[in-house]
Each structure stands twice: as C-alpha cells, then as structure tokens.
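Structure record follows, encoded as structure tokens.
The values are calculated or read from the model by the stated rules, or taken from the named source; none is laboratory data. Small disclaimer: the values here were computed from a predicted structure and weren't measured. Note that each Cβ is placed from the backbone with ideal geometry, even for glycine, and that neighbours are counted across all protein chains shown. To get the accessible areas, we keep the full protein, side chains included, count just its heavy atoms, and leave off ligands, DNA and RNA. Shrake-Rupley method; radii C 1.70, N 1.55, O 1.52, S 1.80 Å.
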Amino acid sequence: MGSNALVLRTLIVAVVVGIFAWSMHPLRERDYYEVFSELFKMPGDKELTSLISDAKALQAADPQLYQSQALLQAAENKGVDLKDRVKGVDLQDNRDVMSLIRKNASSSIRLGLDLAGGVEFILQLIPDEEFLSKLNDAKEGETRAEMERRMSSEFDRYRDVAIEILRKRLEGQKIYEAEIAPSGSDYVALRAPVVAKDEKLKLLELIKMSAKLRFRLVAPNNEELVASYLQDPVGFQIPLGYELMSTREFRSGDKPQVRYYFVEKRAQMDGKGVTQAMATKDQFGQRKIALVFNQEGAMQFGEVTTRNVGRMLAIVLDGKLYCAPVINGAITGGHAEISGSFSEEEAKQIADALVSGSFPFQIKVNAVFDTDPKLGAANVSNGIWVGVFSLVCVAIFMILYYRFSGIISVVALWLNMVLILGAMAAFDCTLTLPGIAGIVLTIGMAVDANVLVYERIREELASGKKLINAVNLGYDRALTHVLDANITTLITSFILMYVGTGAVKGFAVTLSIGILTSLFTALFVTRLIYDYLFKYFGMEKLSMLRLFTQTKFDFIGMWHKSLCFFGAMILLLVVLLAVRGKGILGVDFTGGTVVSFSYAAQVPQDKIEKALLAAGYDEPQVTYKFNIASKDSERKLEILVRGELTKNNVDRNPAEVLAGQLNEKFPELKLANGLESSVGGLIGMEFTKAALLAIFLSFIGIGIYISLRYEYTYALAGVISLLVDVSVVLAIYLVQWRTISLTAVAAILTVIGYSINDKVVIFDRIRENLGKKANQDFDEVVNASVNQTLSRTLITSVTTFIVVFILFLGGGVAINDFVQIMMLGVIFGTCSSIFFAAPLVAHWHRKEKRRIAKETAKEEK
C-alpha cells in the first residue's frame, strides 16, 4: 500500500468522522436571545441589544408570544433590517434571521417524547361549508338516523385523512415520531418532539394551514377603488361580490408597507390540480413557490388565463393574499408561481402543505401543552447505562475471542457509535429509548462484518499464507458476503423509508444510517488500521480463539424435525389469532380512554403505571403536561388506558374511582377535577395500509435481489424463512398475552433485517462452494457451507444476544417488548438459517433434480 493512498484514506476517515462529530454540537438547546447576540456582526451592537429588551417586554405583556415572534415584532416596530447586521448566508428578510436563530439554538439531536417530552396540540376539526353541504345532501329514501350514521362515518373517514395529512406535513419537517390520534368526537390530539421551545411556533403555523389554494381575480378598476378607500376607509362601501385583501412588504428603516387589492370572492379555480410544489428562487434570488398542475388542472388554469389576459390574478392560500400578478398572456404549460415575501422556512412549509393535501376542515387550536418525558429520568438513565454496559460486554467478548483483532473491531464499533449519532443529528432523526436500543443493537450487528472478515483471515492463515496476504485476501473474499448481507437489509429499509409513514419511516432512516456507518467502519476503518500496523509496525503474527474446528453436522438430516417444530409454532400462532382476535392489538392500534386530572405534586410515571397495572387497568400510560402560557400555569396528569374504564362503584364515575385509588396509594398527588374522554389509536387505516404495503414490497425487493444474485429457489427459501421467523416470534410473544404496539412493530422489522442478513451469508457460501468443483452433491455442499459458516453464525448471534439479553434484564418496561422480540428473533432467526432456510434450498434442488431425471428418462424412451 503506497504512502499516498494511505494518507488519502486517513484523510477520508478524519473528514467523515470530523463532519459527523461536529454535527452533534450542541447536544442541548441554547437560549434564543443568547444565540441572537452571538450572531451580531458588530459585537455589542446597541440597537440590536435593545431589541432583546423590547422583545422580553413584549413577552411579559403577552405570555402567549414565542421568542421569535417577540423579537420579529420588536424589529419591525423599529424598522430594523436584521439581515445585513447578523452573520448568515442567503438571508433575505427578518424572518430568515428568526429561522437561523432557531436553528442555531436547537439541540443537534431531536429527542423523542419518551426521553425529552415535547409539545401537544389539541386540535378541533371544524368542517367547512363545502364539506357540510356534501354531508347534508340526503340520499333518496334515507331516514334521518341513516343520514346521521352516514355523516358520522364520513366525518371519521375524513378525520383519518386529515390525520395522515398532518403526519405527512410533519414528515416534511423530518419529524417521524409524532403521535396523532382522534380525541373525542371532533378533536385530534397531536404530540411531537421539539428541538427548541420556539419550534412550537413553526409547528403551530404548519398545523393550522388548511392548504386551501384559490385563484381569484382582482377588480379591473382596483387602483381607483383603492384610492377611494384610502380617502375614507370608514365610509367606503366595498363593491358587491368583492372583498378587501392586502399584502405587507417590509422596508429597512420604515414601517411595513401595505398594498390593498379588491378581490372577487368567487374563485376561478382551486388548488386540487396541484401535483408538485417546490420552494425555489428566480434569477434575482427572490423566493417563490413553483406549482405544477395535473392535466385537468393545467387545462383549467389555461382557460382562466386565456379569458383574463391583462387582469391581475390573486393567489390566495388559506384566506391570505400572497401576490396578485398581471396575466400577460395565456398560460397553458401547467405551471404557476406564488411569489411574495417568504422566509426560506415559510416557503418550504407552504410547499409541503400543498403537496400533502388540503383539509376538508378548518383547524382550531384549542390548547397547547408542554409535555414531560413519558419515562421518568431514572428510567431513561437506567436504559442508557444498561445499553452502555451491554456494549462493554460485547467489547470484552470480542477482545477475548479475537484478541488483538478484537481490539481493532472495538475501536471501529465505538467510532461507529459516533458516526450514527452524528448522522442522526445531520439528518434530523428523532432519538427515542427504543431507538437507543436499536442503535445498541445495530452496534451488536455491526460485529457481524468484522466476524466475517476475521473468520476469512483465519481460513487463509490455516491454508499457510503469510499474515499480510491472509488479511488482504480475507477482506477481499469477505467483501461480497458482507455487501450481499447488508444490501438485502438496505433494500428493506429504503422501501420502508419510501412507502412507509410515521414511525415506520423513522425506523427505516435510523436502520439505513446504522447499516451504512457499520459498513464504513468495519470494512474501511479496520482495514486502514491493519495497513498502518503492517507498514509501520511490521506485524507478523495474529492469534485468535476458535469455537469450532471443522464441524460435520448433518443439518439436512435434521430438516424434518425442524419442519415439525416450525409448523407447530405456526399452528400455535393461528390458534392465538383465532382466540384473541383484536385483543392482540395494543392501545396504539385500538385507542382507549384518557382521563386528565389536576395534581399537587409529581410522582414518577413508572410508579403510577405499576399501581394501575396492579389495580387491573390495561396498558396504562402516564404523562405530565403543562401550559405555561395560561394564567395559572395549568398542570395536568393524563392517564391513558386500553379500552374503557371499569365502573366498580355504581355511585361514583370511573374517573373518580381511579383518582381515589391513586390518591390512596400516593397521597401527595391529590388528583382532582377528572375529565374522561375516548381517544382513537395512533395508527389509523391509512397508516396501517402504508405500513403493510411497505413490508410487502420489502419482501418482494429482497426476493428479487436474492434471485438476481443467486437463483429463485434461494429467494423463495429466504422469504419463506423470514415469514417463519416472524410467525414463531409472534407466537411466543403473544402466548404471554402481550399486545402488539408500535414498538413491537419496530422490533419485528428489525428481526426481518437481522434474519435475512444471517441467511444471505450462508447462501453466499453455498454459491462459492458450488463454483469450486463441478458435479458436486448439492446436499453435501449445503451441509459443508452451513458448517463452514457455523462459527461466524454463532459468534454474531452470541454478541447480539448479549446486547439484547442485558437490555431485557435491566432496560426497563419501556423497551421490554422491543428487546424480548429481538431476543426471540436472534434465537429463532439463527435456528431457521441453519435448520430451515439452507435445507429448504437443498430440498427444492432435490425435487428439481428428480423432475429433470424423469423428463430425461421420458425422452430416452
């Protein structure tokens, strides 16, 4: 290896690690006004410093104001243009400056609702006139009761659509871990993690946007009407069929300039035909939103512009006039633009809202609460420390087994942790406690690539090669195995990322990051360390322990026994599904009952949840939330249980009974003023359809890739084995009378990714052995391949099992479902790879061989 190449690779590693390590700064949210002060081009700028005092005074007068709102208002009141007086790139107005401050003040990694809490919006859905007119049109022969049921059903359907639109909008802001659920008859509760307190304002504006786009004509004599209006605003009569609208334009050193337009109330067309919306810039650098219509929308827009050449066309979004350009000629290309005074953040929000769709409702925000973390501080700390301990155990195992090579892999693993966290910060991923468990698991799985390489190096050393040649050949020959094993998992994650929504998409992003960083550290970084050792330290010896020496187990012969076992487990799952029915679904799917109370003092959530479980309540979830903007700093304890509250005392309502039980157990709580309401599941029909489609396409993608790399029998064996793995894991999980939650779904997806990785390594060795010698007995090749990879399979499984077992013992209730499913997945995924998938390939080959022999015999006759 030449010195120049070694230096170049070292620089690549240093740059990659440096970029992702820097992305992790800052780990905590910073003060908004302090960050603003740091951005001054002239340190200590007196005029800008006075704006901070003005903003704080505005907040004191109106506690509902966010810091960015107060600072923006203070700047506009004094006519101060901030864009040229603060450090930043591509700042066009004061709102861009507010966005820059918010970004710099935010913590680098978005922590989930369970780790850091967030914000909750209580949204009331108010149907618009168009929607109500459709509902109220009675169908022929329909009774009033039937009409009411139909209206209720239609409202629920559109509410589910509205929830998915909200979810898509949040995904546009890279927030995948939001919780959105129906609450009562016409409310929706939305909870989202935030990286800064001021981010609540951005989310609030995004949520309230109905995305109703209207193209309306401006009065032909607009200038005359405006002149008359300005002469006598009070006495002026607005022409019939028109309304007065305005735009505001900020000018440095002066108050915002207002321009007035008299706009027709009747719209020429709406925005239903918009298929794409993109925030762009024109040749002068001014921001605009480019719209692309479908065929029908393009024709309609062409007709409107053809009929009204020379008139101004007002572009109105959610009742706000953004611009009113003059129609200079017919526009038939299916494109339009919204220009105006946008910040970069606002332009992207509007584009995302237009693409995600418009609401058939008006959104009224009834309340905004800050929520405490779902998990207590002790639970979070315990989960993190248990995760660290499990990684230390894996590191010790690797060092004991692979000795010096184990030390190299441990360096790569800890570097991998930095890259994963840095990438999560760079790509705005949300970190939850199950996510931490998933990262720890990814680190455990990353050992697999090191194990594949080290086992190859061992084989080359055993054949008599020098160490440097054995290492080079080990990396070269393990490369295809490692890539094939990880590409199948990447296919799964990319499909889930593209098709899935919400938490499924968030899981896919995290999984993809983990796989890519693991490949980089396992193949690139460890190889670089070896090259330095050979070049500068003259390393000549490398010792490792060996778990197995040339085993010769007959795995093909165990095929029928394994088939009976897996068949029995699948039958058990079928019975459980038949007996339990919808009872297998947790509160994330079914919804339940929410009771909120006022309280005097906080008690750790886990203690309350344990008390509720002991009292017979199903899947209780406890959250503290508060509204600091309210006059009395409203604080609430919210309890969610699966199903309905049982009424044990006919003289008292269930909420009072629950409060009495908890007040008796925890006198300091002093629960009072209980309000009970039903809440829908976090997972609606649209979410479920998208998730199932994503999983189905993942199986198809895995099958196609394995078919192309090997042959279709391997693909069928792989996909069937994955279905068997999931079935066995679910059977054992559900027989404990547990329920399926979003966390359980994430764990099952992880099992699929882990298990296919295991199987592909064995398939790869089968293909390699078949190419070494012609006319080999296929059963012997399969048995030999499984035996040759047995050491790697078991070492990878043991290291991964160490992680999940320690997490299972000490990780706490929050991740118990996740790690139990993963623990079962590691055990039975490994078993199916050895005893089911590979023998299944051999079984099909025997059938194919007999079929060919019969056809040959017929031809000879």
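Summary of computed values
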{"quantity": "Qualifying residues in segment 631-679 (those that are open to solvent by less than 100 Å² (accessible area, probe 1.4 Å), of a type in the set (S, T, N, Q) and farther than 15 Å from Leu613 by Cα) - the one modelled with the lowest pLDDT", "calculated": "Asn649"}
{"quantity": "Counted residues, segment 524-557 - those being open to solvent by less than 40 Å² (accessible area, probe 1.4 Å) and touching a helix residue (DSSP H, G or I) at 6+ places or on another chain (Cβ under 7 Å)", "calculated": "12"}
{"quantity": "Residue in segment 442-457 that is aromatic (Phe, Trp, Tyr), modelled with pLDDT of 80 or more and crowded, with 19+ Cβ neighbours inside 10 Å present", "calculated": "yes"}
{"quantity": "Filter result for the condition that a residue is at pLDDT 85 or above and out of contact with any His (no Cβ under 8 Å at 6 or more places or on another chain), over Gly319, Gly271, Gly302, Gly253", "calculated": "Gly302"}
{"quantity": "Residue within segment 585-601 that is β-branched (Val, Ile, Thr) and in contact with a Phe, Trp or Tyr (Cβ under 7 Å, 6 or more places away or on another chain) present", "calculated": "no"}
{"quantity": "Number of positions in segment 20-30 that are modelled with pLDDT under 85 and either crowded, with 17+ Cβ neighbours inside 10 Å or within 22 Å of Thr49 (Cβ to Cβ) (or both)", "calculated": "3"}
{"quantity": "Among (1) over 30 Å from Phe836 (Cα atoms); (2) not in a helix (DSSP H, G or I) - the single one Phe548 does not satisfy", "calculated": "(1)"}
{"quantity": "Restricting segment 119-178 to residues that are small (Gly, Ala, Ser) and modelled with pLDDT of 75 or more, the residue that is farthest from Glu344 (Cα to Cα)", "calculated": "Ala162"}
{"quantity": "Test: residue in segment 483-501 that is more than 20 Å from Phe699 (Cα to Cα) and at pLDDT 85 or above", "calculated": "no"}
{"quantity": "Condition check for Ser107: over 29 Å from Lys174 (Cα atoms), open to solvent by less than 70 Å² (accessible area, probe 1.4 Å), hydroxyl-bearing (Ser, Thr, Tyr) and at pLDDT below 80", "calculated": "no"}
{"quantity": "Those residues of segment 815-834 which are among the hydrophobic types (A, V, I, L, M, F, W, C) and open to solvent by less than 40 Å² (accessible area, probe 1.4 Å), in sequence order", "calculated": "Ile815, Phe818, Val819, Ile821, Met822, Met823, Leu824, Val826, Phe828, Ile834"}
{"quantity": "Residue check, Gln276 polar (S, T, N, Q) and open to solvent by less than 20 Å² (accessible area, probe 1.4 Å)", "calculated": "no"}
{"quantity": "Those residues of segment 55-101 which are β-branched (Val, Ile, Thr) and part of a loop (DSSP other than H, G, I, E, B), in sequence order", "calculated": "Val80, Val89"}
{"quantity": "Failed condition for Thr510, given (1) closer than 30 Å to Lys689 by Cβ; (2) touching a residue at least 24 places away in the same chain (Cβ under 8 Å); (3) open to solvent by less than 20 Å² (accessible area, probe 1.4 Å)", "calculated": "(3)"}
{"quantity": "Filter result for Phe236 (among the hydrophobic types (A, V, I, L, M, F, W, C), farther than 16 Å from Ser339 by Cβ and either part of a loop (DSSP other than H, G, I, E, B) or open to solvent by 50 Å² or more (accessible area, probe 1.4 Å) (or both))", "calculated": "yes"}
{"quantity": "Ala842, sole failed condition from (1) open to solvent by less than 10 Å² (accessible area, probe 1.4 Å); (2) closer than 22 Å to Arg546 by Cα; (3) of a type outside the set (Asp, Glu)", "calculated": "(2)"}
{"quantity": "Some residue of segment 293-306 being touching a residue at least 60 places away in the same chain (Cβ under 8 Å), part of a strand (DSSP E or B) and open to solvent by 10 Å² or more (accessible area, probe 1.4 Å)", "calculated": "no"}
{"quantity": "Verdict on Ala290 being within 37 Å of the chain's Cα centre (by Cα), closer than 22 Å to Gly310 by Cα and in a strand (DSSP E or B)", "calculated": "yes"}
{"quantity": "Members of segment 322-354 found to be over 17 Å from Glu205 (Cβ atoms), assigned to a strand (DSSP E or B) and of a type in the set (A, V, I, L, M, F, W, C), listed by number", "calculated": "Cys323, Val326, Ala336"}
{"quantity": "Any hit, segment 470-489, residues being of a type in the set (S, T, N, Q), closer than 23 Å to Ile834 by Cβ and open to solvent by 30 Å² or more (accessible area, probe 1.4 Å)", "calculated": "yes"}
{"quantity": "In segment 770-814, the residues that are of a type in the set (Gly, Ala, Ser) and either open to solvent by less than 10 Å² (accessible area, probe 1.4 Å) or part of a helix (DSSP H, G or I) (or both)", "calculated": "Gly771, Ala784, Ser785, Ser791, Ser797, Gly810, Gly811, Ala814"}
{"quantity": "Number of the exception - Ile608 against (1) touching a strand residue (DSSP E or B) at 6+ places or on another chain (Cβ under 6 Å); (2) β-branched (Val, Ile, Thr); (3) modelled with pLDDT under 80", "calculated": "(3)"}
{"quantity": "Residue list for segment 1-19, filter: open to solvent by less than 50 Å² (accessible area, probe 1.4 Å) and in contact with a helix residue (DSSP H, G or I) (Cβ under 8 Å, 6 or more places away or on another chain)", "calculated": "Leu6, Arg9, Thr10, Val13, Val16, Val17"}
{"quantity": "Residue in segment 82-102 that is surrounded by the fewest Cβ atoms within 10 Å (Cβ to Cβ), counting only those that are over 15 Å from Ile52 (Cα atoms) and more than 31 Å from the chain's Cα centre (by Cα)", "calculated": "Asp84"}
{"quantity": "Boolean, Leu742 is at pLDDT below 85, open to solvent by 20 Å² or more (accessible area, probe 1.4 Å) and in contact with a helix residue (DSSP H, G or I) (Cβ under 8 Å, 6 or more places away or on another chain)", "calculated": "yes"}
